[in-house]
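Below you'll find the structure, written out as structure tokens, and then a few comments.
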Amino acid sequence: MDYGVLAPLRVRDFRWLWIGQVVSVVGDKINQIAMAIMVYLLTGSMLQMGIMLGITLLPAALFGLVAGVYVDRWDRRETMLVADVVRACLVLAIPFVIRYGIGWAYLLAFCAATVALFFIPAKRSLIPDIVPPVSLMAANSLDNATSAVSDLGGLAVGGVLVAAIGYRWAFTVDAATFVFSAMCIALIRYRREPALAAEKDRGVWNEAAEGLRSIWDSDVLRELFGIYTAAAIFAAGSIAICYALALQRYHAGAPGIALLDASVTAGILLGSIAVGRMGAGQAGAKFLGGVAGFGVTFALIAFAFNIWIACILLVLCGVANMFFFIPATTLYQTRSDDALRGRIMAAASTVNSVAAVVGIVAAGALAQHVPIPALTAAVGIAALAIALYGATRTALRTA
């Protein structure tokens with residue numbers, strides 16, 4: 001049996017899903033750059049750029065649990081297809097509504113981020129349906145490796161594209177990537193069984209609560225949920241700390257931020273490949289090892305006296321991130337009942353998004369008063385402590 005990271009591409013349905021996502025993620029980065037340039041050119045305000053980023057995070061906290069209910073009610077393939085078409089229309093409309101005020105662009109960005117809440121859990125719930133269990137870890141690894149490569153490529157392509165054709169046409173290109181993704185999804189042959197695709201309406205919030213109860217009733221998922229949420233706070237806080245490191249400790253400005261971000265992305269790519277090549281077993285141990293590895297390597301950045309040493313350590317942090325993200329995703333997929341998988345994935349994503357916002361805001365506030373090296377070490381040590389606690393949880397450790 002082939003456990004290689006490319007093995008899932010032998011599955012026709014996964015191959016079409018993967019091809020569509022390669023192009024779509026590049027489009028996401030083009031959109032990100034186009035939005036930033038548009039907002040800055042029209043307002044000249046960094047605050048407005050921050051508001052724009054915050055608006056794209058807000059839907060996850062507001063609607064994440066509800067989105068999971070409908071992902072379980074609807075056919076996952078059709079949900080993804082419709083979400084791509086709707087997002088294409090929303091993105092395409094941005095240059096036309098901007099003449100009426102920046103608020104309209106924010107509204108469309110908010111709507112697009114809301115629609116994405118249906119696409120992401122549908123995709124993660126669909127993967128176990130179309131990939132054999134033995135290849136599931138590799139499929140999740142390949143999905144994340146592809147996103148990392150597309151992120152890097154999208155940033156480069158997006159910057160050149162927006163500079164060459166302007167932000168208005170860049171939105172058209174982004175819309176085209178969503179249409180391409182929808183076409184690829186339409187070629188997926190898998191269809192969900194009608195009995196699973198249509199649940200009786202017991203009320204949205206009752207069904208959302210059922211997903212949370214399913215997590216609580218499973219020893220593995222309950223422990224995973226709690227430990228991952230705690231780790232997500234500190235992992236997200238590390239993003240704000242990296243900005244502070246680049247600007248305050250290494251005095252490297254915007255190029256320094258880009259360099260540190262690229263280092264993490266390179267680590268994510270390497271980590272995704274490594275996890276995919278290791279097979280599907282011992283997901284709990286890999287998860288805890290990833291949290292511990294992140295804690296140790298990030299704490300060491302406190303002693304990095306120049307930005308290049310910090311870059312090397314951040315590559316290792318990126319690798320560690322994949323060792324806890326990919327096994328965690330795999331555990332959610334394999335330990336969830338198919339009829340509840342969308343709600344469980346959405347619940348985990350929602351809570352983790354809230355945790356990420358808490359982590360980023362808290363780290364940014366602390367960076368105003370705590371020396372950056374001390375704050376860096378504290379975040380790393382806290383993550384290591386979380387991993388050590390997790391190692392005492394037998395159900396998760398042996399999952």
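Quick note: the coordinates plus some simple rules give every number you see, no bench work behind them. Everything numeric here is computed off the predicted structure, so don't read it as measured data. Here Cβ is always computed from backbone atoms with ideal geometry, including for glycine, and neighbour counts include all displayed protein chains.
If you put +1 on each Lys and Arg Cβ and -1 on each Asp and Glu Cβ, how big is the dipole of the range 203-399 around its Cα centre, in Debye rounded to 20?
Once rounded to the nearest 20, the dipole reads 300 debye.
Just how large is the dipole of the chain about the Cα centre, in debye to the nearest 20, putting +1 at every Lys and Arg Cβ and -1 at every Asp and Glu Cβ? Please report the intermediate quantities before stating the final value.
Values: 27 positive and 22 negative charges, 42 e Å.
The calculation lands at about 200 debye.
Label points 7 Å out from Cα along the Cβ direction at residue 189 and residue 251: separation in nm?
In this crude label model, residue 189 to residue 251 measures out at 6.3 nm.
Under 10 Å, Cα contacts only: if you run a Gaussian network model on the chain, which one of 222, 76, 341 comes out with the highest mean-square fluctuation?
Comparing 222, 76, 341 in a Gaussian network model of the chain, the most mobile one is 222.
What distance in nm separates the two pseudo spin-label positions at residue 97 and residue 169, each 7 Å out from Cα along the beta-carbon direction?
Simple spin-label model gives 2.4 nm for this pair.
Dipole magnitude of the range 1-188 about its Cα centre, charges +1 at Lys/Arg Cβ and -1 at Asp/Glu Cβ only, in debye to the nearest 20?
Working: 12 positive and 11 negative charges, 43 e Å.
Dipole of the range 1-188, to the nearest 20 debye: 200 debye.
Suppose we take every Cα in the range 203-399 and form the convex hull; what volume per residue is that in Å³? Don't jump to the answer; show the numbers that get you there.
Working: hull volume 21.7 nm³, N = 197.
It comes to 110 Å³ per residue, whole-number rounded.
To the nearest 0.05, how large is the calculated FRET efficiency for residue 160 and residue 277 if R₀ is 41 Å and r is the Cβ-Cβ distance? Before the final figure, lay out the partial values.
Numbers: r = 33 Å, r/R0 = 0.80.
Efficiency for this residue pair is about 0.80.
Using the basic label-point model (7 angstrom from Cα toward the beta carbon), what is the residue 104 to residue 204 distance in nanometres?
Between residue 104 and residue 204, the label points sit 2.7 nm apart.
Among 278, 52, which comes first, second and so on when ranked by fewest other beta-carbon atoms within 10 Å? Walk me through the intermediate numbers first.
Values: 278 18, 52 21.
Lowest count first: 278, 52.
For the range 1-188, calculate the relative contact order in percent as a whole number, restricting contacts to Cα pairs under 8 Å that are 6 or more residues apart. Please list the in-between numbers first.
Numbers: 238 pairs, mean separation 92.2, N = 188.
The normalised contact order for the range 1-188 reaches 49 percent.
Determine ³J(HN,Hα), in whole Hz, for all residues of the range 326-341 in sequence, where each value follows from phi through the Karplus function 6.51 cos²θ - 1.76 cosθ + 1.60 and θ = phi - 60°; x replaces Gly and Pro.
5, x, 5, 4, 5, 5, 4, 5, 7, 9, 9, 5, 4, 5, 10, 4
In whole angstrom, how long is each semi-axis of the equivalent ellipsoid of the range 1-188, when you take the square root of 5 times every eigenvalue of its Cα gyration tensor and sort them from largest down?
On the way: eigenvalues 184, 68, 39 Å².
The equivalent ellipsoid of the range 1-188 has semi-axes of 30, 18, 14 Å.
Give me the three principal axis extents of the chain from the C-alpha atoms, as integers in angstrom, largest value leading.
For the chain, the Cα extents along the three principal axes come out at 58, 56, 40 Å.
From the helices alone, meaning DSSP H stretches of at least four residues, give me the mean residue ellipticity at 222 nm for the chain, per-run term -39500 (n - 2.57), in deg cm²/dmol to the nearest 500. Walk me through the numbers before you get to the answer.
Values: 14 runs with 327 residues, N = 399.
Value at 222 nm, helices only: -29000 deg cm²/dmol.
What is the fewest-to-most order of 106, 228 by other Cβ atoms lying within 10 Å of their Cβ? Please list the in-between numbers first.
Values: 106 19, 228 25.
Listed from fewest to most nearby Cβ atoms, that is 106, 228.
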